[in-house]
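Trainee: If you scroll down you'll find the structure; I have some questions about it.
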Amino acid sequence: MANNKTSIPKGTRDFGPEEMAKRNYIFNTIKDVYALYGFQQIETPAMETLHTLMGKYGDEGDKLLFKLLNSGDYLKGLTDEDLLGRNTLKLQTRLCEKGLRYDLTVPFARYVVMHREELQLPFKRYQIQPVWRADRPQKGRYREFYQCDADVVGSDSLLNEVELMQIVDTVFRRLGIRVQIKINNRKILTGIAEVIGEADKIVDITVAIDKLDKIGLDNVNQELRAGGIPDEAIGKLQPIIALQGTNEEKLDVIAEVLKTSETGLKGVEETRFILDTLKALGLVNEVQLDLTLARGLNYYTGAIFEVKALDTPMGSITGGGRYDNLTGIFGMPGLSGVGISFGADRIYDVLDALDLYPKEAVASTQLLFINFGERETAYCLPIVGEARKAGIRTEMYPDKAKMKKQMGYANAKGIGFVALAGDNEMTEGKVTLKNMATGAQKLVSVEELIQEVRSQG
């Protein structure tokens, strides 16, 4: 009888065989493309010291860190007064030295600093691992989830941004997902804040306009007012927010608007180079300049990117951008980088919604040999070996069971072919091969069996 108390923590998930096949299809596609562009894989520990993690994500982020109790007598050295004082912050620094990683970026920065003597710059790394956040679980938001990051550090060249956009285009082309790649630049947004006379309100302005798609223009303007932006400045923002036309037309207009802002014009120049280079390379997916795109502005300093699927309603499925000081938080300033992160869980949902998983990506066993007993099994096992050598995913049913049960097993697993060998087959040195989709069966040699199963994928 099942134990009703058996469960997993909220915000975590089990993945069955079919789900894992689909997830691995996504991960392997991304890995293959990363490798194609010269990125090398690293991994970092699931847990880091709290010294590494704390203070890197702001007060809210610190609260969302999963902290691990020290092993052994974790109460050692604490007095009753300490415990009764219930000072959570003070206690956690005494009880916990480690925490689960919150993202892959801070561990990567720590990795670069620790291994700087070994690294060849520019260093192109990718990392596909789970991260943990003590967030409130809800639909589409988990406490444990995977990130698929790629970064180039040690180079200021905008060719890195171009290459990352090529990677995005290649990955989604291989997955069969039509996307729109949105691009903007932090320097353009800083310039906009300067020319409307509200340079010190850059965060409030960009946080508000970043919500344009979700809450609409009126609510964005209301949020700007709530952030202390005067109506005159909000009025100057309106034509910028509503800017339409081709990428070139938008850039020409915004360059004129920002002609008094050195920072803003630098952002226009960088964006124009990226867009012109991508246009010459001929990406499959559309690249659109979106002046309302903001993405975590306390972190990014140059180009920023966001990718949305076109054929199903979904939020951002990939994002990233340029940052100037990745390793400064660990005392190694001045190392610029640019990176992207694919949202594996959202990509999974998009592929599911659009039924885009290739049959071979989720298929398990292709061929099952029926077990009629010891003598028949002894005859079949060498043929099983030949099939596997030929790259066919093959099983021998382990027990002598009723035919109905073995066939039921094949149906339940979606196995395409079943092979049977009784006295007649063994006498002729052949097997009977049954196509489970059509019901057709025929007597075949080992070579014919391999050819038939292979031809059906």
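The values are calculated or read from the model by the stated rules, or taken from the named source; none is laboratory data. All values reported here derive from a predicted model rather than from experimental measurement. Positions of Cβ are generated from backbone atoms using ideal geometry, with glycine treated the same way; all protein chains shown enter the neighbour counts. Accessible surface is based on the protein model in full, side chains and every heavy atom, while ligands, DNA and RNA are left aside. Shrake-Rupley method; radii C 1.70, N 1.55, O 1.52, S 1.80 Å.
Trainee: Among the residues of the stretch 315-344, what is the count of those that are open to solvent by less than 50 Å² (accessible area, probe 1.4 Å), more than 12 Å from Ala109 (Cβ to Cβ) and touching a helix residue (DSSP H, G or I) at 6+ places or on another chain (Cβ under 9 Å)?
Mentor: 13
Trainee: Just give me the residues in the stretch 288-314 being farther than 29 Å from Lys201 by Cβ and open to solvent by 20 Å² or more (accessible area, probe 1.4 Å), in sequence order. Lay out the reasoning, then the answer.
Mentor: Filtering the stretch 288-314 down to residues farther than 29 Å from Lys201 by Cβ leaves 309-314.
Residues satisfying the conditions are Leu310, Asp311, Thr312, Pro313, Met314.
Trainee: Looking at (1) in contact with a helix residue (DSSP H, G or I) (Cβ under 7 Å, 6 or more places away or on another chain); (2) assigned by the TED database to the domain that holds Val253; (3) buried (at least 22 other Cβ atoms within 10 Å of the Cβ), which is the only condition Glu194 fails?
Mentor: (3)
Trainee: Return the pairs, sorted by first residue and then second, in which the second residue is among the β-branched types (Val, Ile, Thr), the first residue lies in the stretch 146-163 and is over 16 Å from Tyr300 (Cβ atoms), the beta carbons are less than 6 Å apart, and the residues are 6+ apart or on different chains.
Mentor: Gln147/Val131; Cys148/Ile30; Cys148/Ile128; Val162/Ile274; Val162/Thr277
Trainee: Considering only residues that are at pLDDT below 85 and of a type in the set (A, V, I, L, M, F, W, C), which ones fall in the stretch 280-338?
Mentor: The answer is Ala294, Leu297, Met314, Leu326, Ile329.
Trainee: Right, something else. Taking the conditions exactly as written (assigned to a helix (DSSP H, G or I), within 30 Å of Asn160 (Cβ to Cβ) and within 15 Å of the chain's Cα centre (by Cα)), does Thr29 satisfy them or not?
Mentor: So Thr29 fits the description; yes.
Trainee: On to the next question. Can you pull out every residue in the stretch 145-154 that is open to solvent by less than 70 Å² (accessible area, probe 1.4 Å) and within 20 Å of Gly319 (Cβ to Cβ)?
Mentor: Phe145, Gln147, Cys148, Asp149, Ala150, Asp151, Val152, Val153
Trainee: What is the residue count in the stretch 3-26 for residues that are part of a loop (DSSP other than H, G, I, E, B), open to solvent by 70 Å² or more (accessible area, probe 1.4 Å) and either touching a residue at least 24 places away in the same chain (Cβ under 8 Å) or touching a strand residue (DSSP E or B) at 6+ places or on another chain (Cβ under 9 Å) (or both)?
Mentor: Final tally of qualifying residues: 2.
Per-residue answers, yes or no, for (1) out of contact with any Phe, Trp or Tyr (no Cβ under 7 Å at 6 or more places or on another chain); (2) of a type outside the set (A, V, I, L, M); (3) within 25 Å of Pro122 (Cα to Cα); (4) assigned by the TED database to the domain that holds Val153:
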residue: Asp290; (1), (2), (3), (4): yes, yes, no, no
residue: Gly302; (1), (2), (3), (4): yes, yes, yes, no
residue: Gly319; (1), (2), (3), (4): no, yes, yes, no
residue: Gly331; (1), (2), (3), (4): yes, yes, yes, no
residue: Phe342; (1), (2), (3), (4): yes, yes, yes, no
residue: Val350; (1), (2), (3), (4): yes, no, no, no
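Trainee: Please specify each residue of the stretch 115-133 satisfying the condition of being over 15 Å from Ser336 (Cα atoms) and in contact (Cβ under 8 Å) with a residue 60 or more places away in the chain.
Mentor: Across the stretch 115-133, the qualifying residues are Tyr126, Gln127, Ile128, Gln129, Pro130, Trp132, Arg133.
Trainee: Turning to a different aspect of this structure: Among the numbered criteria (1) farther than 30 Å from Phe15 by Cβ; (2) at pLDDT below 95; (3) not in a helix (DSSP H, G or I), which one does Val152 miss?
Mentor: Val152 satisfies every listed condition except (2).
Trainee: From the set of residues in the stretch 436-457 that are within 38 Å of the chain's Cα centre (by Cα) and outside any helix (DSSP H, G or I), which is surrounded by the most Cβ atoms within 10 Å (Cβ to Cβ)?
Mentor: Ranking the candidates gives Met436 first.
Trainee: Would you be able to say whether some residue in the stretch 107-129 is of a type in the set (D, E, K, R), closer than 30 Å to Ile240 by Cβ and not assigned by the TED database to the domain that holds Ala303?
Mentor: Looking for residues that are of a type in the set (D, E, K, R), closer than 30 Å to Ile240 by Cβ and not assigned by the TED database to the domain that holds Ala303, one finds none in the stretch 107-129, hence no.
Trainee: OK, next. Please pick out the residue among Thr432, Thr377 that is in a strand (DSSP E or B) and not assigned by the TED database to the domain that holds Phe27. Steps first, please.
Mentor: Values: Thr377 fails: in a strand (DSSP E or B).
Answer to the check: Thr432.
Trainee: Arg346 - would you say it is under 23 Å from Leu212 (Cα atoms), touching a residue at least 24 places away in the same chain (Cβ under 8 Å) and part of a helix (DSSP H, G or I)?
Mentor: In short, yes.
Trainee: Another question, then. State whether the residues of the stretch 411-419 include one that is modelled with pLDDT of 95 or more, touching a Cys at 6+ places or on another chain (Cβ under 8 Å) and crowded, with 17+ Cβ neighbours inside 10 Å.
Mentor: Yes, the stretch 411-419 contains a residue that is modelled with pLDDT of 95 or more, touching a Cys at 6+ places or on another chain (Cβ under 8 Å) and crowded, with 17+ Cβ neighbours inside 10 Å.
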